[in-house]
Amino acid sequence: MVLGTGYLYIVGVKIAIQGEAGSFSHEAARQMVPGCTVVPCAASVDVFARVGSGAVSAAVIPIENSLAGSVSEHFDLLLSHPVYILREFRLRIAHALIAAPGIAFGQVKRVFSHPVALQQCRDFFREHPQIRAEPFYDTAGSVKHILHEKMSDAAAIAGVHAAGVFGGQVLRRGLEDDKRNFTRFFWIRRAAGARSLPNADKTSIAFTLKNLPGVLFRALSVFALRDIDLCKIESRPMRGRPWEYVFYVDYRRGSDQAAQNALRHLAEVAESVKLLGVYPAA
């Protein structure tokens, strides 16, 4: 292991991602853990299972996009699995239209991609109503699919890196609605033995509350009383408990005394609290 400029250079370490080689998760993993060996997984639950079993050292997962919002499934998996966030990273997302070599833009009637990527390119589909969006499990996987099936009327939306990986042809670039399109990624590993990096200054937690008047106000006041800046709060339905919710919160503080006191105070108010990670802010 070699320490780099803010990142760990670990040659050969196995990092799981959801999706194929050439996906944005692949690119994020390469930048967050240079020298790693990326292990593609078809489903997000497989990524977390590999981390939990020790089949891989860690994983890189998308958690939020600046246009499409949160990746809800990954919030649920963070809560239900014993993992810990080591770092966050923001990747600029630039979408390209990719087809098989020799296919012209006028031939394209269908475009495959991950549903989140399709949401980020809504202007493209409004401008070309003759082209139908087809949801697929992965951006790079959609490129692999149209090339493997030799589709003459289809293209895929993915990063240009995917075209190089699978031998596709880039027909259009910059399909995203907003050029300030970023995806936030987490680098996670098994919670057992995980330690925060020395410069950790941001924290993610999840907590549940009993259904009592004013309880959310009391929960959030533990941070306000200590001048701790909340930079994200989101609620998600709880599995098996209809109309009850878990709250996910990010705040700009590490593990100093005030932050530790806030968590202890929150535990007195909340039904449950899970520390998801303390890590350096992107």
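Any read-out appearing in this document is the output of simple, stated calculations on the displayed coordinates, not a laboratory observation. Note that the structure is predicted; figures quoted are calculated from it, not measured. Heads up, the Cβs are rebuilt from the backbone with ideal geometry, glycines too, and the neighbour counts pull from every protein chain shown.
Sorted from largest to smallest, which semi-axis lengths in Å does the alpha carbon gyration tensor of the chain give for its equivalent ellipsoid, taking the root of 5 times each eigenvalue?
37, 22, 16
When you take every Cα atom in the stretch 186-237, what is the radius of gyration, and what is Dmax, the widest Cα pair distance, in Å?
14.2, 39
Can you run phi through the Karplus equation (6.51, -1.76, 1.60; θ = phi - 60°) for the stretch 84-95 and list ³J(HN,Hα) in whole Hz, with x for Gly and Pro?
9, 7, 9, 6, 10, 8, 10, 10, 5, 9, 10, 8
What is the spin-label model distance, in nm, from K179 to K109 if the labels are put 7 Å beyond Cα along the C-beta direction?
3.5
Determine the calculated [θ] at 222 nm for the chain from helices alone, applying -39500 (n - 2.57) to every DSSP H run no shorter than 4 residues and normalising by the residue count; nearest 500 deg cm²/dmol.
So the helix-based figure for the chain works out to -8000 deg cm²/dmol.
Put +1 on the Cβ of every Lys and Arg and -1 on every Asp and Glu Cβ in the chain; which of I61, V170, N199 then has its Cα farthest towards the positive end of the dipole?
Projecting each Cα onto the dipole axis, the largest value belongs to N199.
Please give the peptides 131-138, 91-98, 44-51 ranked by average Cβ packing (other Cβ atoms within 10 Å per residue), highest first, as a rough proxy for protection.
91-98, 44-51, 131-138
Residue-wise, which Karplus ³J(HN,Hα) couplings in Hz belong to the stretch 68-80, taking 6.51 cos²θ - 1.76 cosθ + 1.60, θ = phi - 60°, and x for glycine or proline?
8, x, 6, 8, 4, 4, 6, 4, 4, 6, 4, 6, 8
Which lysines have a Cα less than 29 Å from the Cα of K144, not counting those fewer than 8 places away in the same chain?
Straight-distance partners of K144: K14, K109, K179.
What relative contact order, as a whole-number percentage, does the chain give when Cα pairs under 8 Å and 6 or more residues apart are counted? Walk me through the numbers before you get to the answer.
On the way: 630 pairs, mean separation 59.8, N = 282.
Across the chain, relative contact order equals 21 percent.
Which of the aspartates and glutamates could a cross-linker span from K274 if the Cα-Cα distance has to be under 19 Å and same-chain partners fewer than 8 positions apart are dropped?
Cα-Cα hits under 19 Å: E73, D76, E88, D201, D229, E234, E244, D250, D256.
Starting from a Cα-only point model with no solvent, please compute log10 I(q)/I(0) by Debye for the stretch 212-282 at q = 0.19, 0.23, 0.26 1/Å.
-0.82, -1.17, -1.43
Once fully extended, how much extra length lies between D153 and R264, figured as 0.36 nm per residue of separation less the alpha-carbon to alpha-carbon distance?
Here the answer is 34.1 nm.
With θ set to phi - 60°, apply the Karplus curve 6.51 cos²θ - 1.76 cosθ + 1.60 along the stretch 216-223 and write out the HN-Hα couplings as whole Hz, x wherever there is a Gly or Pro.
5, 4, 5, 5, 6, 5, 5, 8
Amide H neighbours of N181 under 5 Å, at least 5 residues apart or on other chains, H built in the peptide plane: list them.
Distant-sequence amide H within range of N181: I93.
Kirkwood Rh over Cα pairs of the stretch 26-106 into Stokes-Einstein at 20 °C, 1.002 mPa s: D in µm²/s?
On the way: Rh = 14.8 Å.
The estimated diffusion coefficient comes to 144 µm²/s.
Taking the alpha-carbon centroid of each part, what is the distance from the stretch 139-186 to the stretch 193-249 in angstrom?
Spelled out, the Cα-based centre of one part sits 36 Å from the other.
Would you kindly give the portion of the calculated P(r) for the stretch 96-173 that falls above 18 Å, as a percent of all Cα pairs?
Of all Cα-Cα pairs in the stretch 96-173, 26 percent lie more than 18 Å apart.
Amide H of V83 versus every other amide H placed in the peptide plane: which residues, excluding those fewer than 5 positions away on the same chain, fall under 5 Å?
A191
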